[in-house]
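Trainee: Following this message is one structure expressed as structure tokens.
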Amino acid sequence: VEVEVNDSLMRFFDHCAKFVALVEENNAAMCQVDAFKEGPEMKNVLEKVASALCLPVEELNADLVQVAFLTCSYELAIKNVTSPWCSLFSEEDAKVLEYLNDLKQYWKRGYGYDINSRSSCILFQDIFQHLDKAVEESKR
């Protein structure tokens, strides 16, 4: 059986003009995330990573450090390999970076905005239609 990939269902948030306007392209939508990136917890992580890399802290930012952390996380999860990037982070750093990611997902894809939950209605409608169809076919 060939599986049809429907990006408009799986990435519904990319195809909803209202979501794109209210969240995706709205700089104010991520103000809590931006504030955390500038906060003392992230500054501490940035300083430690900059020191480990022998770089001036001004050459790093929260987004770059988060990419390094996610690379570490994905290699560990997918390949079961401890990436060299992992050596940059302590357990406390990992908690800060995980919180940053959770905060971002809360505002961008989670409960932060009402539109986030509404935009998935099309996906669930499709799922329920397929389930109803399967039940009807099994009754025949």
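Trainee: With respect to A77, is the statement that it is at pLDDT 90 or above, farther than 23 Å from Y111 by Cβ and within 19 Å of the chain's Cα centre (by Cα) true?
Mentor: For A77, the condition - at pLDDT 90 or above, farther than 23 Å from Y111 by Cβ and within 19 Å of the chain's Cα centre (by Cα) - is met.
Trainee: Another question, then. Look at E2 and say whether it is within 30 Å of H130 (Cα to Cα), surrounded by fewer than 16 Cβ atoms within 10 Å (Cβ to Cβ) and free of Cβ contacts under 8 Å to residues at least 12 places away in the same chain.
Mentor: Working: within 30 Å of H130 (Cα to Cα): yes; surrounded by fewer than 16 Cβ atoms within 10 Å (Cβ to Cβ): yes; free of Cβ contacts under 8 Å to residues at least 12 places away in the same chain: yes.
Yes: the conditions hold for E2.
Trainee: Looking at (1) of a type outside the set (V, I, T); (2) surrounded by fewer than 17 Cβ atoms within 10 Å (Cβ to Cβ); (3) in contact with a Phe, Trp or Tyr (Cβ under 7 Å, 6 or more places away or on another chain), which one does C72 not meet, given that it meets all the others?
Mentor: C72 satisfies every listed condition except (2).
Trainee: Within 29 Å of H130 (Cα to Cα) and either surrounded by fewer than 14 Cβ atoms within 10 Å (Cβ to Cβ) or at pLDDT 95 or above (or both): which single residue out of D7, D102 fits that description? Spell out the reasoning first.
Mentor: On the way: D102 fails: within 29 Å of H130 (Cα to Cα).
Of D7, D102, the one residue that is within 29 Å of H130 (Cα to Cα) and either surrounded by fewer than 14 Cβ atoms within 10 Å (Cβ to Cβ) or at pLDDT 95 or above (or both) is D7.
Trainee: Might you let me know whether the range 113-120 holds any residue that is under 30 Å from C16 (Cβ atoms), of a type in the set (D, E, K, R) and free of Cβ contacts under 8 Å to residues at least 24 places away in the same chain? Even if it seems obvious, please write down each step before you answer.
Mentor: Going through the range 113-120, the residues under 30 Å from C16 (Cβ atoms) turn out to be 113-120.
Next, only the ones that are of a type in the set (D, E, K, R) stay: 114, 118.
Now drop any that are not free of Cβ contacts under 8 Å to residues at least 24 places away in the same chain, which leaves 114, 118.
Scanning the range 113-120, I find at least one residue that is under 30 Å from C16 (Cβ atoms), of a type in the set (D, E, K, R) and free of Cβ contacts under 8 Å to residues at least 24 places away in the same chain, so the answer is yes.
Trainee: Does the range 35-48 contain at least one residue that is surrounded by 12 or more Cβ atoms within 10 Å (Cβ to Cβ), within 16 Å of the chain's Cα centre (by Cα) and touching a residue at least 60 places away in the same chain (Cβ under 8 Å)?
Mentor: yes
Trainee: Give just the number: which of (1) surrounded by fewer than 16 Cβ atoms within 10 Å (Cβ to Cβ); (2) more than 15 Å from the chain's Cα centre (by Cα); (3) more than 30 Å from L123 (Cα to Cα) does L64 not satisfy?
Mentor: Status for L64: all satisfied but (2).
Trainee: Here is a further query. With the checklist (1) within 18 Å of the chain's Cα centre (by Cα); (2) surrounded by fewer than 13 Cβ atoms within 10 Å (Cβ to Cβ); (3) under 24 Å from L53 (Cα atoms); (4) among the aliphatic types (A, V, I, L, M) in hand, flag the one item V96 doesn't pass.
Mentor: It fails just one condition, (2).
The values are calculated or read from the model by the stated rules, or taken from the named source; none is laboratory data. The structure presented is a predicted model; accordingly, all values stated were derived computationally and were not measured. Positions of Cβ are generated from backbone atoms using ideal geometry, with glycine treated the same way; all protein chains shown enter the neighbour counts.
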